[in-house]
Amino acid sequence: MAKEFDVIEAGERDGRRRWIGLAVVLALLLIPAVSLLASRDPVAAPADVDPAPADPAAAEVTTRQVPAPIRSLTRIDAPPNNLTIAATAKGGDEVLPVVFPDGTRAEVRYPAELNIDELGSRPFQGMWVEGRHRQLIAPYGGEVEITRGGEPIRNYAPNVTLWPRQAGAYGQVLLFSFGSWRLAMYDRGQGLTFDQRVTAAENLKGDVTKEGYLVLSAGEGVRLAKPGEIERGEPVGPQLWFGGGAGKTVMLAPTPTCGKEFRPPGESEGRRQWADMACRGNVLVVASGPEEFREKAVKSIRVTLK
């Protein structure tokens, strides 16, 4: 007689046992694989790397803290980035009071048919940040020309944000906010380091006059170009640009050494094609647009510095 538990299963029961055995084998194979995957570290998030090109000064890890990005510079309903002031009629001419970015006041006189006042004006200023030359340009389209309604990469000061490089333009852009004015500083050549950008953000100041003109000043590590200074053949001292875009444009730049040969200044986008230029006393006058407008502008505009 067989023992009580000596039972031999056959037929259907034998098939079920084979399926159960196969399931056990699969489970034994899957458990190590799952354990291996679970033990792996997740992919680390990209570090917040300074977007400026490599530089010996940037090799040191900075401990300077900057505020989190703000949204006040991302709106797309900003006012136009130029100033329109009505001129005073005098005979067949018009006289327009202006203030250059260094605070110099002047009167601009021109034939009424030129309508310079209706073009509106914007400031331009060259500067050096710890010895590296940069240009401050008031974008013709305002802040949306830089932001495209997006979000900044980071803040360097409550009024200064960093934006990505634009197609067809130079490197990343520092966007400064002074009242309703927006000034863009494009990186070019050897980019500024993180600390240099903070230096520019903290030491470039702007005040708006009662008329609405922007006057700039600078602190430690930042030097603003003086009237008549030249960089790579271009005048980079304080200037006012009237008009812009694809339309009529006039640039006025106080230039004590006017009479030298200058290369026409260019905007950051590289689209500006200045045509005619002339010295009117101690002021360089540059004009673009229709031929008749250009010729009359450089021949008849007179600027009296105060």
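Restricted to strands (runs of 3 or more DSSP E) entirely inside segment 52-161, those with at least 1 residues that are at pLDDT 95 or above, surrounded by 17 or more Cβ atoms within 10 Å (Cβ to Cβ) and under 21 Å from the mean Cα position of the chain (by Cα) are 121-129, 132-137, 154-157.
Pick out the one residue from 226, 210, 205 that is under 16 Å from residue 97 (Cα atoms) and modelled with pLDDT of 95 or more. Please lay out each step first, then the result.
Values: 226 fails: under 16 Å from residue 97 (Cα atoms); 205 fails: under 16 Å from residue 97 (Cα atoms).
After applying the criteria, what remains is 210.
Scanning segment 247-279 for residues that are assigned to a strand (DSSP E or B) and either modelled with pLDDT under 75 or in contact with a Leu (Cβ under 9 Å, 6 or more places away or on another chain) (or both) gives 249, 250, 251, 252, 253, 254, 258, 260, 277, 278. Sub-6 Å Cβ pairs linking a first residue in segment 234-254 that is closer than 17 Å to residue 101 by Cα to a second residue that is in a loop (DSSP other than H, G, I, E, B) and charged (D, E, K, R), at least 6 apart or interchain, are 236/229; 237/226; 237/229; 238/102, ordered by first then second residue. Checked against the criterion of being farther than 29 Å from residue 285 by Cα, surrounded by fewer than 19 Cβ atoms within 10 Å (Cβ to Cβ) and of a type in the set (Lys, Arg), the candidates 197, 165 yield just one match: 165.
The values are calculated or read from the model by the stated rules, or taken from the named source; none is laboratory data. Note that the structure is a prediction, hence the values are computed from the model and not measured. Quick reminder, even Gly has a Cβ in these numbers, built from the backbone with ideal geometry, and neighbours come from all protein chains shown.
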